[in-house]
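Shown next, in structure tokens, is the structure this report addresses.
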Amino acid sequence: MMMLPAKARLFLLFLCIQILLLAVLYRDGYRKRVAYFFGIFWKGGTTPGIPVVLPFNNSRPGDVYANLSLITKPLVSQHELPLCPDVSPFIGGPVRVFLPHALSMKDVEQKNPLVTKGGRYKPPDCESKHKTAIIIPHRNREQHLQYLLYHLHPFLQRQQLNYGIYIIHQAGNFTFNRAKLLNVGFKEAMKEEDWDCLYFHDVDLIPEDDRNLYVCDSNPKHASIAMDKFGYKLPYKTYFGGVSALTPEQYMKMNGFPNNYWGWGGEDDDIAVRYWSALVTNFI
């Protein structure tokens, strides 16, 4: 019997270990990644027995701008547009966060030609069932703001939302007051439009999955429950910071946000207390 050389035996052992690892991952639910791995070596498409999980619209996986070019304005008036479907056909799941080098606001505008003055957007091909305002407190975070808008505009368009983005800037050198800026944002946004949902959004948080719908629920919603800086889990159970969503009615029942927290921290916990108090007394 011919003996394999030592290097060949080591290679075969390594290959067996890799196949075993992939089998375990496949069993534990990582089918998409395993299918992608085998797809690298399998010519002609998919690997037999391993379904390749694609987005609903078969777009390029991970590209938040994929399929936006498919959105076209039909030859009917605005009043004749059909309602958008319950589930947008442009939603694709996880998106790759890409931070372009030397990004500018001009680049963001060019990538989103359907966004109108003031950060407003309506689906051109259907009437959205949801109207969402995004309120972003801001000061001296221009690069973060550019990256957020670069990702957030196509993210919301994929969900077929009627939306507006409000940047609430604090001028001067006084200590930053995030919660007060959110209150200002609520007041100014509601002056312009009868929004049915408001998202209060930190400038340095970029959503990574467009199935995280930016719409409101029957109760106040904490939308940033999994962040990379916390290992994709909450730092503590009552944490309500980052990104949260309220209807105008929920905001009023909570009496808005506290105005007396200057500097970072504290207001998140106060908001959580208001949330739970309002939930117990008003929303059940």
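The values are calculated or read from the model by the stated rules, or taken from the named source; none is laboratory data. On a predicted model such as this, the values are computed, not experimentally measured, just so you know. Ideal geometry is used to build each Cβ from the backbone, glycine not excepted, and the neighbour counts take in all protein chains shown. Just the protein is used for accessible areas: all its heavy atoms, side chains included, with ligands, DNA and RNA removed. Shrake-Rupley method; radii C 1.70, N 1.55, O 1.52, S 1.80 Å.
Here are a few things to note about the model shown:
- Summed over the stretch 147-183, the residues that are in a helix (DSSP H, G or I) and open to solvent by 40 Å² or more (accessible area, probe 1.4 Å) give a count of 1.
- Close Cβ contacts (under 7 Å, 6 or more residues apart or on different chains) running from residues in the stretch 233-250 that are closer than 30 Å to Glu192 by Cβ to residues that are open to solvent by less than 70 Å² (accessible area, probe 1.4 Å) and among the basic types (Lys, Arg) comprise Ser244/Lys221; Ala245/Lys221.
- Scan of the stretch 251-274 for residues that are open to solvent by 40 Å² or more (accessible area, probe 1.4 Å), within 17 Å of Leu198 (Cα to Cα) and of a type in the set (A, V, I, L, M, F, W, C), ordered by number: Met252
- Within the stretch 98-155, the residues that satisfy the criterion of being closer than 24 Å to Ala179 by Cα and of a type in the set (A, V, I, L, M, F, W, C) are Ala133, Ile134, Ile135, Ile136, Leu145, Leu148, Leu149, Leu152.
- Selection from the stretch 46-92 of residues that are loosely packed, with under 10 Cβ neighbours inside 10 Å, small (Gly, Ala, Ser) and either modelled with pLDDT under 75 or not in a loop (DSSP other than H, G, I, E, B) (or both): Gly49, Ser69
- Taken over the stretch 184-203, the residue count meeting the criterion of being open to solvent by 70 Å² or more (accessible area, probe 1.4 Å) and not in a helix (DSSP H, G or I) is 1.
- Pairs linking a residue in the stretch 101-113 that is without any contact (Cβ under 8 Å) to a residue 60 or more places away in the chain and in a helix (DSSP H, G or I) to a residue that is open to solvent by 50 Å² or more (accessible area, probe 1.4 Å) and among the charged types (D, E, K, R), with Cβ atoms under 9 Å and 6 or more positions apart or on different chains, are Met105/Glu142.
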